[in-house]
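Presented below is the structure to which this report refers.
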Amino acid sequence: MAEGEKVAVTGASGLVGTELVARLRARGFEVLRLVRRAPRGKDEVRWDPDAGTIDREGLAGIRGAVHLAGENVASGRWTEAKKARIRGSRVRGTELLAGALAELSPKPEVLVSASAIGYYGARGDEVLHESSPPGGGFLASVCQQWEAATGAARDAGIRVVNARIGVVLSDEGGALAKMKMPFLLGLGGRIGDGSQYMSWITLDDVVSALVFAVENEELAGPVNLVAPAPVTNASFTKTLGNVLNRPTVLPVPKFALRLGAGAEMADEMLIGGARVVPAVLQATGFEWKHPTLEPALRSVL
Ligand SMILES: NC(=O)c1ccc[n+]([C@@H]2O[C@H](COP(=O)([O-])OP(=O)(O)OC[C@H]3O[C@@H](n4cnc5c(N)ncnc54)[C@H](OP(=O)(O)O)[C@@H]3O)[C@@H](O)[C@H]2O)c1
């Protein structure tokens, strides 16, 4: 894709979407935001993933799309209703968008569709790359369905990138913003024995990698959006404590997390971990601004 061309973005109001829209505009792309309310200007088009409706005429002329929308995974307990929203918003929304893109004439060149490293499940210290098989659990099953839901676009000859995003580090929101307060109070500590891996990426780099995926014709299929240096939870805890200049002596017991967040969410998001490497990004020459954790945290915080 080239400067001046039109890119549609879903989930544009989110943590990643807000930054992505600004970056795409700064690179000279015209951005069309897909919104779930009445459009407020010419740069917005309406869709309703729950109702299965999308303004197909409004999408005319787009050359690419970045699809980020989905019910937030980390806010609120995983009740059956919440889990249904997490899965349904992603599968229905992705099928709707991919189907609409496939019917456009001319067809867009590329769909970059978010997925997550949750695809791999909890895998100890196994090194995981894009061709590793999926893991078990709720998130892994959601990610598989979410990726499969892009099928109509792929079948129509659109280049589809399934961006398996790691833990996004930002001071504006997401995991780090939640973790910061206990650390600032001196209550930060490793989770359990701290051996589980955390595959992280800064917000700045995840946005660069999404733009790279839009622009780079070599990329298709699953791509891990993580920094090249995943760390154990023990190492992450120690580094975050150093950066914030706070002690991290008290480990957080697993039972307390299971009690607080619910067992399934705690096991999949906090206690389990995955050591994911960005094999495709490395092979295609992507350059990280923050490849290692300590400078990344210093820059973000
Ligand atoms: N942040 C991370 O650490 C991380 C890690 C792995 C994967 N991801 C994935 O990357 C994507 C973007 O992440 P993010 O952190 O920017 O997420 P976010 O801040 O939660 O934003 C997601 C956006 O999706 C839309 N949305 C919310 N609920 C929805 C629903 N029920 N149905 C349809 N759309 C809904 C909203 O945008 P509108 O109101 O503008 O429609 C929202 O701003 C998400 O799909 C997320 O699962 C993120």
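Throughout, read-outs are computed from the coordinates displayed, never taken from laboratory work. These numbers were taken from a predicted model, which means no experiment stands behind them. Here Cβ is always computed from backbone atoms with ideal geometry, including for glycine, and neighbour counts include all displayed protein chains.
Rounded to the nearest 0.05, what FRET efficiency do Arg56 and Leu301 have when you use their Cβ-Cβ distance and R0 = 35 Å? Don't jump to the answer; show the numbers that get you there.
Working: r = 43 Å, r/R0 = 1.23.
In this case the efficiency is close to 0.20.
Taking each of Lys83/Lys107; Lys82/Lys238; Lys82/Lys178 in turn, the alpha-carbon distance tops 26 angstrom for Lys83/Lys107; Lys82/Lys238. Its relative contact order, with pairs defined as Cα atoms under 8 Å and 6+ residues apart, puts region 190-240 at 64 percent.
List the GluC sites (Glu not before Pro) in region 1-83 that DSSP assigns to loop (not H, G, I, E or B) and whose Cβ has at most 15 other Cβ atoms within 10 Å. Which are they? Write out the running numbers ahead of the final one.
On the way: sites: Glu3, Glu5, Glu19, Glu30, Glu44, Glu57, Glu71, Glu80; in loops: Glu3, Glu5, Glu71.
Here the GluC sites (Glu not before Pro) that fit, given the DSSP loop and packing criteria, are Glu3.
Which whole-number percent is the relative contact order of region 188-301 (Cα, under 8 Å, 6+ apart)? Walk me through the numbers on the way to the answer.
Numbers: 151 pairs, mean separation 51.0, N = 114.
Taking the mean separation of contacting Cα pairs over the length of region 188-301, I get 45 percent.
Here Ser13, Ser235 are placed in order of increasing Cβ neighbour count within 10 Å, fewest first, which gives Ser13, Ser235. For the pair Asp48 and Val249, a Förster radius of 35 Å applied to the C-beta separation gives a FRET efficiency near 0.10, rounded to the nearest 0.05.
Averaging the Cα positions of each part gives two centres, and for region 75-139 and region 12-30 these lie 21 Å apart. Note on Ala263 and Leu187: the model spin-label points, each 7 Å out from Cα along the C-beta direction, lie 2.5 nm apart.
Listed by chain and number, the lysines whose C-alpha is less than 20 Å from the C-alpha of Lys42, apart from same-chain residues fewer than 8 away, are Lys6.
From largest to smallest, what semi-axes in whole angstrom does region 185-301 give when each is the square root of 5 times an eigenvalue of its alpha carbon gyration tensor?
Numbers: eigenvalues 174, 60, 23 Å².
So the equivalent ellipsoid measures 29, 17, 11 Å along its semi-axes.
Once region 236-301 is represented by equal point scatterers at the alpha-carbon sites, with solvent omitted, what log10 I(q)/I(0) does the Debye formula produce at q = 0.14, 0.19, 0.20, 0.27 Å⁻¹? Here log10 of I(q) over I(0) equals -0.66, -0.96, -0.99, -1.07. Normalising the average separation of contacting C-alpha pairs (under 8 angstrom, six or more residues apart) by the number of residues puts the relative contact order of the chain at 19 percent.
Taking springs between alpha-carbon atoms closer than 10 angstrom, which of Leu96, Leu104, Leu219 fluctuates most in the Gaussian network model of the chain? Checking each option, the largest mean-square fluctuation is seen for Leu104.
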